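Notes follow once the structure below has been shown.
The values are calculated or read from the model by the stated rules, or taken from the named source; none is laboratory data. As the structure is a prediction and not an experimental result, all values here were calculated from the model. So basically every Cβ, Gly included, is an ideal-geometry build from the backbone, and we count neighbours across all protein chains shown.
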Amino acid sequence: MLLDLIKNRKSVREYLEKDIPNEDLKKILQAGYYAPSWMNSQPWKFILVKNPEVKKLLSELSGNQNHVKSANALIVCIADKNGWSKEEFGKVLAQRGIKESGIEKIFNIPMLYPPLLGEDKVLLRSVEQVTYAVSYMMLEAKELGIDSCIIGAISNEATIKNEDIIEKVNKALNLKEGEVLITIITLGYAKEQTQTVKQRKDFNSVIHFESIGNKIDF
Ligand SMILES: Cc1cc2nc3c(=O)[nH]c(=O)nc-3n(C[C@H](O)[C@H](O)[C@H](O)COP(=O)(O)O)c2cc1C
């Protein structure tokens with residue numbers, strides 16, 4: 001059951017020295033590739049990293065988090081702000097069967113076309129899309145018996161910038177202008193299979209019902 005998979009997934013930060021088969025890595029990447037996105041915009045890139053030197057650089061980017069180095073593989077998730085250019089976004093809209101005049105209309109509606117609202121909103125919308133893909137990839141990994149951890153504490157446009165390391169990483173990953181590294185997913189097999197109780201806020205403090213009745217007694 002998917003809910004069991006979700007409940008059993010946990011962030012794993014210590015890994016065995018064991019290779020993940022390529023076919024499993026492909027399945028995990030496919031889960032991100034098929035994730036939903038705003039009007040199918042797909043403003044993202046996913047970069048598979050296995051090289052120890054690049055892992056070391058990425059660990060440095062994430063404040064020297066050790067599991068970035070020790071994971072068997074990393075998926076670096078990029079928010080691609082270029083995905084919103086009229087050319088790129090126009091292509092996916094046309095693929096949906098929207099006519100040129102319809103596409104032009106979309107380019108003039110701020111709710112549908114984030115560049116009209118400024119750079120920050122473009123980044124916000126791009127990050128929003130990437131996070132869905134991240135969740136899909138983590139769950140596919142778990143389904144395959146592969147553990148993971150999201151790494152969000154990294155230097156980038158959305159946090160504190162350490163230009164020196166960002167420049168090195170951008171070079172190592174061939175990142176272009178407008179491509180922002182948002183998240184790294186560490187992947188590997190857990191060193192220890194421990195059962196932990198999920199620490200979450202109280203269910204009733206997070207789940208609410210509309211005010212006009214209809215409260216379900218779960
Ligand atoms: C956006 C985001 C960023 C995160 N960044 C980090 C990180 O930089 N390093 C880390 O070890 N864990 C990171 N985590 C993992 C969280 O600490 C973890 O998901 C949370 O404590 C709940 O634990 P669980 O994943 O085991 O259920 C991040 C999680 C999310 C969703």
### Query
outside any helix (DSSP H, G or I), away from the ligand (no atom under 16 Å from the Cβ) and not aliphatic (A, V, I, L, M): does that describe Lys56?
no
### Query
So is Leu117 more than 16 Å from the ligand (Cβ to nearest atom), without any contact (Cβ under 8 Å) to a residue 60 or more places away in the chain, aliphatic (A, V, I, L, M) and out of contact with any Phe, Trp or Tyr (no Cβ under 9 Å at 6 or more places or on another chain) or not?
yes
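Listed here are the residues, each with its yes/no results for (1) surrounded by 15 or more Cβ atoms within 10 Å (Cβ to Cβ); (2) assigned to a helix (DSSP H, G or I).
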site: Ala94; (1), (2): no, yes
site: Gly97; (1), (2): no, no
site: Leu116; (1), (2): no, yes
site: Asp120; (1), (2): no, yes
site: Ala133; (1), (2): yes, yes
site: Gly145; (1), (2): no, no
### Message
Test of understanding: among Asn82, Asn66, Asn108, which residue is without any contact (Cβ under 8 Å) to a residue 40 or more places away in the chain and either more than 16 Å from the ligand (Cβ to nearest atom) or surrounded by fewer than 16 Cβ atoms within 10 Å (Cβ to Cβ) (or both)?
### Response
Asn108
### Query
Residues of region 173-218 being in a loop (DSSP other than H, G, I, E, B) and among the charged types (D, E, K, R), which ones?
Lys176, Glu177, Lys191, Glu192, Lys198, Arg200, Lys201, Asp202, Glu210, Lys215, Asp217
### Query
Is it the case that region 138-154 has a residue that's away from the ligand (no atom under 12 Å from the Cβ), touching a residue at least 24 places away in the same chain (Cβ under 8 Å) and more than 21 Å from the chain's Cα centre (by Cα)?
no
### Query
Among the residues of region 14-21, is there at least one that is within 15 Å of the ligand (Cβ to nearest atom) and more than 23 Å from Asp164 (Cβ to Cβ)?
yes
### Task
Hey, can you tell me all the residues within region 173-185 that are more than 16 Å from the ligand (Cβ to nearest atom), within 26 Å of Asn72 (Cβ to Cβ) and buried (at least 17 other Cβ atoms within 10 Å of the Cβ)?
Leu173, Leu175, Glu179
## Note on the structure
Of the listed residues (Thr186, Thr159), the one being at pLDDT 90 or above and within 20 Å of the chain's Cα centre (by Cα) is Thr186
### Summary
Note on region 26-42: residues more than 16 Å from the ligand (Cβ to nearest atom) and surrounded by 13 or more Cβ atoms within 10 Å (Cβ to Cβ) are Lys27, Ile28, Leu29, Gln30, Ala31, Tyr33, Ser37, Trp38, Met39, Ser41, Gln42
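Here is a yes/no grid of residues against (1) modelled with pLDDT of 95 or more; (2) within 30 Å of Lys91 (Cβ to Cβ); (3) of a type outside the set (S, T, N, Q):
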residue: Glu14; (1), (2), (3): yes, no, yes
residue: Pro21; (1), (2), (3): yes, no, yes
residue: Lys27; (1), (2), (3): yes, yes, yes
residue: Tyr33; (1), (2), (3): yes, yes, yes
residue: Ser41; (1), (2), (3): yes, yes, no
residue: Lys45; (1), (2), (3): yes, yes, yes
residue: Val49; (1), (2), (3): yes, yes, yes
residue: Pro52; (1), (2), (3): yes, no, yes
### Message
Exactly one condition in (1) under 17 Å from Lys81 (Cβ atoms); (2) aliphatic (A, V, I, L, M); (3) buried (at least 18 other Cβ atoms within 10 Å of the Cβ); (4) within 12 Å of the ligand (Cβ to nearest atom) is false for Ile166; which is it?
### Response
(4)
### Query
Can you find even one residue in region 3-25 that is within 17 Å of the chain's Cα centre (by Cα), crowded, with 18+ Cβ neighbours inside 10 Å and on the phi > 0 side of the Ramachandran plot?
no
